[in-house]
Structure formats: structure tokens, C-alpha cells
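Student: Dropping a structure here in C-alpha cells format, bear with me for questions.
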Amino acid sequence: MHVNANGLSIHVQVEGEGEPLLMIMGIGAQLLHWPQGLVDLFVANGFQCIRFDNRDMGLSERLTGRVDVANVLTRRMLGLNIDAPYTLADMADDSVGVLAALNIDRAHIFGASMGGMIAQRIAINHPQRVKSLTSLMSTPGRRRDSLTSVKAARALLKNPNITDAKSHADAVIAFLDAVGTPGVKRDVPELRRVCAEIYRRGLSPDGFVRQLAAIAADGDRTRELRLVQAPTLVLHGSRDPLISPAGGQATADAIPGATYQPLDGMGHDLPPSYWPTIANAVTHHANPLADGRLRA
């Protein structure tokens with residue numbers, strides 16, 4: 001369904017009943033990038049899972065505004081201000097607008113990668129909306145905590161020639177080869193099926209660049225995160241080549257009382273073998289009295 005959130009048409013998908021869990025995806029990603037198997041575990045654990053396409057992605061409203069990527073990255077490297085078409089604060093307002101449209105006052109906020117940055121921004125700007133915060137494979141925005149491997153950075157910024165669903169899936173597989181969990185065996189037919197659906201819903205290369213500018217423009221949130229009072233869990237793969245695990249540790253260090261839980265061996269992806277660990281960690285964080293067993 002579509003809702004009006006922060007003046008934009010945002011596509012939302014809701015599954016399950018119970019405690020609301022707002023799931024925010026990363027740069028260039030659609031709600032389908034949250035694996036259905038992971039969502040099913042959250043639903044079995046008693047959550048109402050709320051996924052949505054961020055602005056500029058999938059079935060949500062597309063925006064306008066040209067971005068010079070080289071200029072953005074150079075100014076970011078030099079610590080200069082960046083004039084972006086929109087900001088992570090705007091995207092946090094979108095997220096809160098989704099909750100408002102669903103008549104939800106407060107929710108558990110769970111964000112991955114850029115989604116983790118947006119989740120942090122929600123906790124900073126809208127603390128009254130946050131029951132708990134989980135930041136996955138993300139960073140507080142300090143440049144020294146966001147170092148990536150050259151291979152991973154090139155994979156992120158590469159502009160592949162995508163002409164159909166197959167070439168899109170090929171590009172996603174190549175990206176996962178560069179940034180994903182080492183040694184993981186992927187379900188390629190399922191991956192291609194999901195990629196075909198993502199392609200059908202619509203890709204947005206220009207939206208990716210605008211989101212990149214939003215990340216760069218938000219800068220360092222460390223000081224603001226020191227004021228966050230929401231119970232916070234930080235999860236980060238120990239083999240993440242795109243966002244250094246130091247970024248996860250820095251996030252936890254910045255937020256009073258936050259818990260840092262490394263995910264041993266995981267890269268910058270969500271392979272099935274880690275779904276139970278992630279689902280249980282978020283469940284116990286949201287409900288410390290949970291019994292530790294998945295109900296599915």
C-alpha cells in the first residue's frame with residue numbers, strides 16, 4: 001500500500017501482529033532487500049514488521065536534483081559542507097511519517113547500512129517515537145570510522161550497464177562478491193527471482209546518487225548520539241569491507257549504554273545463516289524477557 005508520509009507517497013508493506021518493528025533499508029535498496037526469511041522470523045517472534053521503500057526507490061515517490069558525485073565525495077573527504085537535494089533528516093522524517101500514517105506512536109527502529117544512519121537520526125530528532133534502536137552494519141558518520149576497502153568502494157560506486165532483469169541480477173551478484181560474507185553459498189535462483197521483482201518495480205540510479213549525497217551531507221552524528229536515551233543495540237559483521245566494523249563500534253561508543261554485538265565472519269549482506277542470530281538479538285533487545293527461542 002501507499003501512504004502519505006512527510007508529503008511524499010511512500011510504498012509500505014506490513015506483516016505480522018504485535019510490537020511494531022520499523023525496518024529501514026540501505027542506499028539504493030528496496031524493501032525487498034530485507035530477506036523474506038528474516039522477516040518471517042521476526043513475525044514468528046511477535047513483531048509487526050513494517051518495511052517500506054525509501055524515497056527515490058522502488059515504488060515510492062521519486063525526486064529530482066542533479067548531484068556531482070565527484071564533488072560530493074571530494075567535499076566529504078575535505079570535511080566541507082555539502083548541498084544535497086535532501087538529507088538523512090528528511091529521510092528520518094519520512095520514516096516517522098510512515099508510523100504516523102499507520103497510527104503508530106512508538107516503534108522499535110531497525111536500520112541496515114544507510115538505514116542504520118536514518119535510524120540513528122530518528123533517535124536523535126524524534127526520540128519520542130523510539131522504543132528501541134538497532135543499528136546494523138552502519139556508522140555514526142565519522143570519516144575515520146567509515147573506511148572501506150578499495151574493491152568495496154569501487155563496487156558501490158560502479159555504474160553497470162543494466163538493460164534487463166538478468167543484467168541487474170548479474171550486477172547484484174558481482175556486488176555481493178565484492179562486499180558480501182566470504183565463503184557463503186548463495187541461493188542463486190532465489191536471488192535472481194528477487195532481483196527480477198526489484199527490476200520490475202523499478203531501479204533508480206539517480207536516486208542512489210541523491211541518497212549518497214544525503215549520507216555525505218549528514219556528516220558526523222557522534223555528538224548528537226551522545227544524547228540518545230533509547231535502548232540501543234549495534235550489530236556489525238566482523239568481515240564487512242564496505243563499512244568498517246570500527247564504524248559499528250564507534251556507534252556503540254557514542255550512545256550511552258549501547259550494546260555492541262559483532263557478527264563473526266559476516267560481510268555487508270544478510271546471508272541466511274545469520275538470520276536466527278540477528279532475529280534473536282533484536283528480539284531480546286526489544287524484549288529482554290524473551291526466552292531465547294525462535295517460535296519458527
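The values are calculated or read from the model by the stated rules, or taken from the named source; none is laboratory data. Since this is a predicted model, take the numbers as computed values, not measurements. In this analysis, Cβ positions are derived from the backbone assuming ideal geometry, glycine residues included, and neighbour counts consider all displayed protein chains.
Student: Within the stretch 163-194, which residues are within 15 Å of Asp269 (Cα to Cα) and not in a helix (DSSP H, G or I)?
Tutor: Within the stretch 163-194, Gly180, Thr181, Pro182, Gly183, Val184, Lys185, Arg186, Asp187 qualify.
Student: May I ask you to say which residue of Asp240, Asp291, Asp220 is acidic (Asp, Glu) and either under 30 Å from Thr163 (Cα atoms) or at pLDDT 95 or above (or both)?
Tutor: After applying the criteria, what remains is Asp240.
Student: In a loop (DSSP other than H, G, I, E, B) and either in contact with a strand residue (DSSP E or B) (Cβ under 8 Å, 6 or more places away or on another chain) or aliphatic (A, V, I, L, M) (or both) - does that describe any residue in the stretch 1-14?
Tutor: yes
Student: Out of (1) crowded, with 19+ Cβ neighbours inside 10 Å; (2) out of contact with any Leu (no Cβ under 8 Å at 6 or more places or on another chain); (3) under 24 Å from Leu156 (Cβ atoms), what's the single condition that is false for Ala5?
Tutor: It is condition (3) that Ala5 fails.
Student: Could you name every one of the helices (runs of 4 or more DSSP H) located completely within the stretch 195-296 that has at least 3 residues being touching a helix residue (DSSP H, G or I) at 6+ places or on another chain (Cβ under 8 Å) and over 19 Å from Ser132 (Cα atoms)?
Tutor: In the stretch 195-296, 205-218 are the helices (runs of 4 or more DSSP H) which contain 3 or more residues that are touching a helix residue (DSSP H, G or I) at 6+ places or on another chain (Cβ under 8 Å) and over 19 Å from Ser132 (Cα atoms).
Student: For Thr74, all conditions in the list (1) hydroxyl-bearing (Ser, Thr, Tyr); (2) under 15 Å from Asn6 (Cα atoms); (3) free of Cβ contacts under 8 Å to residues at least 12 places away in the same chain hold save one; what is the number of the exception?
Tutor: In the conditions (1) hydroxyl-bearing (Ser, Thr, Tyr); (2) under 15 Å from Asn6 (Cα atoms); (3) free of Cβ contacts under 8 Å to residues at least 12 places away in the same chain, Thr74 misses (2) alone.
Student: Picking from Arg51, Arg76, Arg62, which residue would you name as being among the basic types (Lys, Arg) and in a loop (DSSP other than H, G, I, E, B)?
Tutor: Every option except Arg62 fails the conditions.
Student: Among the residues of the stretch 91-150, write down those that are at negative phi, of a type in the set (A, V, I, L, M, F, W, C) and in a loop (DSSP other than H, G, I, E, B).
Tutor: Leu102, Ile104, Leu147
Student: Which numbered condition trips up Asn81, out of (1) under 27 Å from Ala246 (Cα atoms); (2) assigned to a helix (DSSP H, G or I)?
Tutor: (2)
Student: Then there is this: Which number in (1) modelled with pLDDT under 95; (2) under 14 Å from the mean Cα position of the chain (by Cα); (3) of a type in the set (Gly, Ala, Ser) marks the one condition that Gly79 misses?
Tutor: (2)
Student: Of the residues that make up the stretch 74-83, is at least one in contact with a strand residue (DSSP E or B) (Cβ under 8 Å, 6 or more places away or on another chain) and at negative phi?
Tutor: no
Student: Next question. Looking only at residues in the stretch 66-92 that are buried (at least 17 other Cβ atoms within 10 Å of the Cβ) and of a type in the set (D, E, K, R), which one is nearest to Leu8 (Cα to Cα)?
Tutor: Looking at residues that are buried (at least 17 other Cβ atoms within 10 Å of the Cβ) and of a type in the set (D, E, K, R), I get Asp90.
Residues are listed down the side, and each one gets a yes or a no for (1) free of Cβ contacts under 8 Å to residues at least 40 places away in the same chain; (2) touching a Phe, Trp or Tyr at 6+ places or on another chain (Cβ under 7 Å):
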site: His11; (1), (2): no, yes
site: Leu31; (1), (2): yes, yes
site: Ala44; (1), (2): no, no
site: Met57; (1), (2): no, no
site: Arg62; (1), (2): no, no
site: Gly65; (1), (2): no, no
site: Asp68; (1), (2): yes, no
site: Val96; (1), (2): no, no
site: Leu102; (1), (2): no, no
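Student: Give the residue, chosen from Gly207, Gly267, Gly247, that is out of contact with any Ser or Thr (no Cβ under 7 Å at 6 or more places or on another chain) and crowded, with 18+ Cβ neighbours inside 10 Å.
Tutor: Gly207
Student: Filter the stretch 223-271 for residues that are under 20 Å from Asp177 (Cβ atoms), in contact (Cβ under 8 Å) with a residue 40 or more places away in the chain and within 17 Å of the chain's Cα centre (by Cα) and give the result.
Tutor: Matches in the stretch 223-271: Gly237, Asp240, Pro241, Leu242, Ile243, Ser244, Met266, Gly267, His268, Asp269, Leu270, Pro271.
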